[in-house]
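Input: a single structure, listed below in structure tokens.
The values are calculated or read from the model by the stated rules, or taken from the named source; none is laboratory data. Here the structure is a predicted model, which means the values were calculated and not measured. Cβ: placed from backbone, ideal geometry, glycine included. Neighbour counts: every protein chain shown. These accessible areas exclude ligands, DNA and RNA; they are computed on the full protein's heavy atoms, side chains included. Shrake-Rupley method; radii C 1.70, N 1.55, O 1.52, S 1.80 Å.
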Amino acid sequence: MHAMRAETFSGYEGLKLVDLPKPAVTDGKVLVRITAAGVTPLDHTILSGKFPHPLKEPLVLGNEGAGVVEEGGGTDFPVGSRVMFFGAYGAFEDGTYSEWVAVQKKDLCLIPDNVDDVSAAGIPVAYLTAQVALTLAGFRAGKTVLAPAIGGSIGNAVTQSARALGAKHAMSSTTNHAKAEQAKALGFNEVIDTSLEKLGDGVRRITSGYGADIVIDGIGGDVLSEALGALAVGGRVTTLGYSASRKTTIDVTNLIVPQASIRGLNMFAQPKAAITDAWKVIVSLLKSGAIKPIVGKTFPLIEAATALRYLVEGRPFGRVVLTI
């Protein structure tokens, strides 16, 4: 089978097309023929040799995807079922930049009939992360939520999900004026254009001075620092990404004065029950049309390096997906 594999963790040039044996199905695993694979910032982090923990090379990248069950799914996932999934693939074992993957049955979710495979491939990481993060932050209807970086996977997913679940305000931001206009055209009505105003000022304007009860930050760097200054009393910040920078400066009074809190989120460390509960909410929202994944651009498998470069350097509005 064909796969795009990181022969070395040395950047884009380390990603090569290879022929590998079709994976064998063992107990607890399901053979899935991959039709589409999501491209994520994590893939770039791994390919660049910057993952926080040592990984073994060579490695087929890709930790989320969509496809069709070919073997081992039992009655829950019969042969021919369309499925999507996320897991340790592309990090601790070979991933979805491949024609077939042996997937842990516990990681699978049936794709709703109203969602196509390309869109489904970009759902698991973004929407599972969004739902788990919101739950851990104590979200309930009426809360005000900020997820910086509209257009990005986490910004889009958190904003859509929070709005669908009854947030009083579901806010995001962008440094790009054109992207702010694009967001509004797509129905994101509470986007702060930080080329025109500061993030904290935008949050206070939208919330009439109240602030953000919940911040889900997938960017890091200065954005995280600024978001801390936009918190409501008792506000909670969850940080889970660092595409802007791994380092930031925190004004501790932004936590002390409002008696706020900050926590990290590692999706690889979440218990199965949390993922199962999150999938139930996501599937319900997908079926109703309350949330809708946005795909910015697709690339064929062989152009995986180009797709990653486009994601990281082009900063598109919506997901980048490989078609297989």
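Per-structure values
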{"item": "Electrostatic dipole magnitude of region 89-170 [Cβ: Lys, Arg +1; Asp, Glu -1; Cα centre; debye, to 20]", "result": "720"}
{"item": "Positive-end extreme of charge dipole, region 163-243 - chosen from 218, 203, 242 (charges on Cβ)", "result": "203"}
{"item": "Environment charge at residue 59 (Cβ cut-off 13 Å; Lys +1, Arg +1, Asp -1, Glu -1)", "result": "-2"}
{"item": "For the chain, the fraction of alpha-carbon pairs in successive 10 Å shells from zero, as %", "result": "6, 28, 34, 22, 8, 1"}
{"item": "For region 272-324 versus region 64-104, the gap between their alpha-carbon centres in whole angstrom", "result": "16"}
{"item": "Most to least packed among 295-306, 18-29 [average Cβ atoms within 10 Å]", "result": "295-306, 18-29"}
{"item": "Dipole of region 241-324, positive direction: furthest Cα of 306, 285, 296, with charges on the beta-carbon", "result": "285"}
{"item": "Check: region 194-252 dipole with +1 on Lys, Arg Cβ and -1 on Asp, Glu Cβ, in debye", "result": "80"}
{"item": "By average C-beta atoms within 10 angstrom, highest first, the peptides 146-158, 263-275", "result": "146-158, 263-275"}
{"item": "Residue 51 paired with residue 290, simple spin-label distance in nm, labels 7 Å along Cα-to-beta-carbon", "result": "3.5"}
{"item": "Karplus-derived HN-Hα couplings along region 311-324 (A = 6.51, B = -1.76, C = 1.60, θ = phi - 60°), whole Hz, x at Gly and Pro", "result": "4, 6, 9, x, 6, x, 8, x, 6, 9, 9, 8, 9, 10"}
{"item": "Relative packing of 87-93, 216-222, 52-58, which averages over residues the other C-beta atoms within 10 Å, highest first", "result": "216-222, 87-93, 52-58"}
{"item": "Å² of accessible area per residue within region 212-324, as computed with a 1.4 Å probe and no ligands counted", "result": "50"}
{"item": "Electrostatic dipole magnitude of the chain [Cβ: Lys, Arg +1; Asp, Glu -1; Cα centre; debye, to 20]", "result": "720"}
{"item": "Hypothetical label at residue 270: residues of region 96-129 whose amide nitrogen lies under 20 Å (7 Å Cα-Cβ projection)", "result": "96, 103-112, 119-129"}
{"item": "Rg ratio (alpha-carbon, reference 2.2 N^0.38 Å) - region 81-146", "result": "1.33"}
{"item": "Choice from 125, 257, 215 with maximal GNM fluctuation in the chain (Cα, 10 Å cutoff)", "result": "257"}
{"item": "Radius of gyration, Dmax [region 225-276; alpha carbons; angstrom]", "result": "13.2, 37"}
{"item": "Translational diffusion coefficient (Stokes-Einstein; Kirkwood radius from C-alpha pairs) of region 183-289 at 4 °C, 1.567 mPa s, in µm²/s", "result": "83"}
{"item": "Above-threshold pairs, the threshold being 20 Å between Cα atoms, out of 56/297; 29/272; 105/272; 56/247; 198/297", "result": "56/297; 56/247; 198/297"}
{"item": "Rounded to 5, percent antiparallel among DSSP beta bridges of the chain", "result": "55"}
{"item": "Charge sum, other residues only, whose C-beta stays under 14 Å from residue 236's C-beta, Lys/Arg counted +1 and Asp/Glu -1", "result": "+1"}
{"item": "Value of [θ]222 nm, deg cm²/dmol, for the chain, DSSP H segments ≥ 4, -39500 (n - 2.57) each, nearest 500", "result": "-7500 deg cm²/dmol"}
